[in-house]
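Inspection log for the structure reproduced underneath, given as structure tokens.
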Amino acid sequence: MKSIASSAPGKLVLLGEYAVLEGAPALVLAVNRRARVTCTACVGDAWQLASPTLGLDARLRITTKGPVWDGESAPELDWIASLCARLPFAASLPACRVELDSDAFHLDHAGAREKLGLGSSAALTVALLGALHALGGQPAPTLGECVATHRAIQHGRGSGIDVAASLHGGLLRFQLDAGHAPHIEPLALPAGLHWRCVYSGRPASTSAMLATVAAWRTRQPAEYTRRIHELATMGPRGVDAVARADSAAFLANLHAYAIALAGLGDASGADIASPAHRALGEIARECGVVYKSCGAGGGDVGVTFSVDDIRLQEFSERAGRAGFPVIEMQAAASGLEVLAVA
């Protein structure tokens, strides 16, 4: 039987947070922090699931009636059962030991092991789907399948922007159509534009942030619409600036989007522009660079852009002295990678 090794990259959302859920275009960059999955033959008919990153092990039987836990389950691995339940050919696959490695999505900081908001769940989902498709002799999974699977795992939540980055890699224009189906277009950052990723010092819960904004939307629908319209107007300008290779226009729109995101947080009561993000924004301003939180905000990571790498280096040094580590990271040109070993 084949042994399958697969991997998929994480992501940074550069533009389009919140507005992307309403159909506005967004910009996402795949990064070279990769989730890795290995499937190898095992004895017996139960799948052996292992996450060394989380220190978890469990056994799963995949039957014609669906996945069934063999013994005690690990709630953190329930998403694998959900994924297999949606896979038409899952019951025909030979039992395997599946190892899930998401170490690259964690950072040792202030004496603790903390998870970075780089889309690890999407990357693991794409990597596992890729491995299982290869194991079953099936074509590679499509974007639609990957997004639908990840949404099911997330109980219907999510635009799929992180899934698109994990599957395809590179820089993507991402947009949902009226039916909530994803569409992508490959782009490239303008030449001479430099960036750094920095950790705000604390993890954040995307689901909690989205829930806070959703509750505010129910209370204040008109104000929600106004704020989202503001974001939905700025985001496309920034995406178009990238398509035109116009660094100055992109930086201006990135800065404007960061301010508008903070305004959305202030209005809704969501801590999108947390004190840490505001402190990093002030360091960026003093260094003459542009800073923006990535994703739902509240913590996790941010990104800083400039056409002057010396100024970025100054920002990195000052951020580090202030207790905000700059994360070594590069763009990931490739998305899902699958290797079959006889």
Just a yes or no: is a residue in region 39-50 under 14 Å from ALA123 (Cβ atoms), surrounded by fewer than 24 Cβ atoms within 10 Å (Cβ to Cβ), in contact (Cβ under 8 Å) with a residue 40 or more places away in the chain and of a type in the set (Ser, Thr, Tyr)? no
Name every residue in region 150-159 that is buried (at least 24 other Cβ atoms within 10 Å of the Cβ) and under 16 Å from SER82 (Cα atoms), in order of residue number. HIS150
If the requirement is being surrounded by fewer than 21 Cβ atoms within 10 Å (Cβ to Cβ) and out of contact with any Phe, Trp or Tyr (no Cβ under 6 Å at 6 or more places or on another chain), which of these qualifies: ALA191, ALA95, ALA104? ALA191
Within region 85-107, tally of residues that are free of Cβ contacts under 8 Å to residues at least 40 places away in the same chain and in contact with a Gly (Cβ under 8 Å, 6 or more places away or on another chain): 1
Of all residues making up region 263-320, the number that are of a type in the set (D, E, K, R), more than 22 Å from ASP246 (Cα to Cα) and touching a Leu at 6+ places or on another chain (Cβ under 8 Å): 1
From LEU49, LEU83, LEU60, which residue is under 22 Å from the mean Cα position of the chain (by Cα) and at pLDDT 95 or above? LEU83
In region 194-229, which residue that is crowded, with 18+ Cβ neighbours inside 10 Å and among the aliphatic types (A, V, I, L, M) is modelled with the lowest pLDDT? ALA204
Here the residues within region 75-92 that are surrounded by fewer than 18 Cβ atoms within 10 Å (Cβ to Cβ) and either among the basic types (Lys, Arg) or part of a loop (DSSP other than H, G, I, E, B) (or both) are ARG86, PRO88, PHE89
For region 330-342, name all the residues that are at pLDDT 95 or above and either surrounded by 17 or more Cβ atoms within 10 Å (Cβ to Cβ) or in contact with a strand residue (DSSP E or B) (Cβ under 7 Å, 6 or more places away or on another chain) (or both). GLN330, ALA331, ALA332, GLY335, LEU336, GLU337, VAL338
Mind checking which pairs have a first residue in region 108-132 that is on the phi > 0 side of the Ramachandran plot and a second that is among the aliphatic types (A, V, I, L, M), Cβ under 7 Å, 6 or more apart or different chains? GLY119/ALA165
Within region 104-121, can one find any residue that is more than 21 Å from the chain's Cα centre (by Cα), of a type in the set (Lys, Arg) and outside any helix (DSSP H, G or I)? no
Conditions first: (1) part of a helix (DSSP H, G or I); (2) in contact with a Gly (Cβ under 7 Å, 6 or more places away or on another chain). ALA134 passes all but one, so which condition is the exception? (2)
How many residues does region 323-342 contain that are closer than 25 Å to PRO190 by Cα and either assigned to a loop (DSSP other than H, G, I, E, B) or among the charged types (D, E, K, R) (or both)? 8
Output the qualifying pairs, or none if there are none: Cβ atoms under 9 angstrom, residues six or more apart or on different chains, first residue in region 167-180 and assigned by TED's automatic domain parsing to the domain that holds GLY144, second residue hydroxyl-bearing (Ser, Thr, Tyr) and surrounded by 21 or more Cβ atoms within 10 Å (Cβ to Cβ). PHE174/SER159; LEU176/SER159; HIS180/SER159
Unique match (being surrounded by fewer than 19 Cβ atoms within 10 Å (Cβ to Cβ) and at pLDDT below 95) among GLY71, GLY117: GLY71
Pairs, please: C-beta under 8 Å, at least 6 apart or cross-chain, first residue assigned by TED's automatic domain parsing to the domain that holds LEU264 and in region 211-224, second among the β-branched types (Val, Ile, Thr)? TYR224/VAL213
Go through region 271-322 and give me each residue that's out of contact with any Lys or Arg (no Cβ under 9 Å at 6 or more places or on another chain), in a loop (DSSP other than H, G, I, E, B) and crowded, with 24+ Cβ neighbours inside 10 Å. ILE272, ALA296, GLY297
Which one of ARG196, ARG219, ARG157 is within 30 Å of LEU312 (Cβ to Cβ) and among the charged types (D, E, K, R)? ARG196
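The values are calculated or read from the model by the stated rules, or taken from the named source; none is laboratory data. Here the structure is a predicted model, which means the values were calculated and not measured. Using ideal geometry, Cβ is built from the backbone for each residue, glycine included, and neighbour counts are taken over all protein chains shown.
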